[in-house]
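Trainee: Okay, here's the structure, questions in a sec.
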Amino acid sequence: MRLLVYTPTTEDGPAAACVESIDGQQYQGQWEWVVDADDPFPVPDHRNVLAKYRRAKSLALAGGYDALVTVEHDMVLPPDALQQLWDVNAPVAYGVYMLRHGSNVLNAWEYSSGRNLGMSLSLYPERLEQAKRQEVVEVSGVGFGCTLIRRAVLEQVAFRPDGKAKAPDIPFATDCLRAGIRQVAHFGVACGHVHEGKVLTMSDDSGRMV
């Protein structure tokens, strides 16, 4: 199966650790990697974020790809990330990583009502430990750090802005919820997130970064 791996970035390009991790992917199908630093609006206009993801969607659909995999330019993927996200056979599959802004919590948000986003599983230690043991769990999102979106979802769900931030990830997760599209987090795809020269990874039981 063909995957389009898409990384929106700045003129500085992706982090070296990100490049190395993508170059090292072990995937049994075909995949291509597009690095996009083309900003249609003057930097740092946040509309660039939405414009790039809309471009990614268009490239994936026009190119006949079976799925789009979004990888932010500061992510560090395990070598089997593409394979595991594809093999889980979910419409939307998220790799798991720590968010950098605000509290350092996981991007895996609890699935609750089926209509509205929950909160990070980091806030529910018992549920988080269960999710780690289960490895693949249904979630309400969120984030495009390392996310596989199958073609049928791209055809159905628009990338739209989220208020002033213009980022489409939270609206996308919400729209998937309300359309009954299953979203999962794959705890076997534990990604690093480069932040201030360090790589944040999933917390261990003591809560410290490992």
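The values are calculated or read from the model by the stated rules, or taken from the named source; none is laboratory data. As the structure is a prediction and not an experimental result, all values here were calculated from the model. Positions of Cβ are generated from backbone atoms using ideal geometry, with glycine treated the same way; all protein chains shown enter the neighbour counts. Calculation scope for accessible area: heavy atoms of the full protein, side chains included, ligands and nucleic acids excluded. Shrake-Rupley method; radii C 1.70, N 1.55, O 1.52, S 1.80 Å.
Trainee: Relative to the Cα centre, what is the charge dipole magnitude of the range 1-160, using +1 at the beta carbon of each Lys and Arg, -1 at the beta carbon of each Asp and Glu, and rounding to the nearest 20 debye? Present the calculation step by step, with values, prior to reporting the outcome.
Mentor: Working: 14 positive and 20 negative charges, 127 e Å.
Using Cβ point charges on Lys, Arg, Asp and Glu, the range 1-160 gives about 600 debye.
Trainee: Also: Leaving out ligands, DNA and RNA but keeping every protein chain, what accessible area does E32 have, in Å² rounded to the nearest 10, with a 1.4 Å probe?
Mentor: In the full protein context, E32 sits at about 70 Å².
Trainee: Can you check what the Kirkwood hydrodynamic radius comes to for the range 127-176, Cα pairs only, in Å to one decimal? Intermediate values should be presented prior to the final figure.
Mentor: Values: mean 1/r = 0.0807 Å⁻¹.
Result for the range 127-176, one decimal place: 12.4 Å.
Trainee: Next question. Using only Cα positions of the range 11-92, each an equal point scatterer, no hydration layer, compute I(q)/I(0) via Debye at q = 0.16, 0.21, 0.25 Å⁻¹ and quote the log10 values to two decimals.
Mentor: With no solvent term, the Cα-only Debye profile gives -0.71, -1.14, -1.36.
Trainee: Counting Lys and Arg as +1 and Asp and Glu as -1, what is the net charge of the other residues whose Cβ lies under 15 Å from the Cβ of I149?
Mentor: On the way: positive: R2, K52, R54, R55, K57, R150, R151, R160, R182; negative: D66, E72, E155, D169, D175.
That sum, taken over residues with Cβ under 15 Å, equals +4.
Trainee: Specify whether the C-alpha gyration tensor of the range 8-163 places it in the rounded, prolate or oblate class, a ≥ b ≥ c being the square roots of the eigenvalues: rounded for a/c under 1.5, otherwise prolate if a/b is larger than b/c and oblate if not.
Mentor: Values: a/c = 1.42, a/b = 1.29, b/c = 1.10.
Because its axes are fairly even, with a/c under 1.5, the range 8-163 counts as rounded.
Trainee: Dipole magnitude of the range 70-210 about its Cα centre, charges +1 at Lys/Arg Cβ and -1 at Asp/Glu Cβ only, in debye to the nearest 20?
Mentor: On the way: 14 positive and 16 negative charges, 79 e Å.
Computed charge dipole of the range 70-210: roughly 380 debye.
Trainee: Follow-up question, since we're still on this one. Just from its helices, what would the mean residue ellipticity at 222 nm be for the chain, if runs of 4 or more DSSP H residues each count -39500 (n - 2.57) and the sum is divided by every residue, rounded to the nearest 500 deg cm²/dmol? Could the numbers behind the result be given before it?
Mentor: On the way: 6 runs with 57 residues, N = 210.
The helix contribution divided over the chain gives -8000 deg cm²/dmol.
Trainee: While we're here: Suppose the Debye formula is applied to equal point scatterers at every Cα of the range 72-210; what is log10 I(q)/I(0) at q = 0.13 Å⁻¹?
Mentor: The Debye formula, applied to the Cα set alone, gives -0.52.
Trainee: Restricting the count to DSSP beta bridges whose residues both fall in the chain, what percent are antiparallel, rounded to a multiple of 5? Walk me through the numbers on the way to the answer.
Mentor: Details: 20 of 36 bridges.
The antiparallel proportion sits near 55 percent.
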